[in-house]
Amino acid sequence: MVPYCNVEWFYDTRYDDWARTLLTLGAEVTMTDHSAMSVCCTTGRSCPQEKDLDALGVVLKWYY
C-alpha cells in the first residue's frame, strides 16, 4: 500500500486572486503484478463563487 497526498492551487488573473484549491488524499494498493487499485478522497474550494467540492474516487489500473 502506498499512501499519497496531492494539493493544487489555481490562480485566476480575471479576479487577480487564488480561484480554487484542491486537496486529494488516497492510497494505492498493488493487487497483482499487472493491476493496482487506488482509492481517494478529494475536497475543493472555489472563490469567488464559494462553491465546495467533496468527492470519493476509485481507480483501477491495469499494466501490460
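What follows is calculated from the coordinates using simple rules that are stated; it is not laboratory data. None of these values were measured; they are calculated from a predicted model. Heads up, the Cβs are rebuilt from the backbone with ideal geometry, glycines too, and the neighbour counts pull from every protein chain shown.
Points worth noting:
- Relative contact order for the chain: 27 percent, from Cα pairs under 8 Å spaced at least 6 residues apart, divided by residue count.
- Cα-projected label distance for Trp18 with Ser35, points at 7 Å along beta-carbon direction, nm: 4.0
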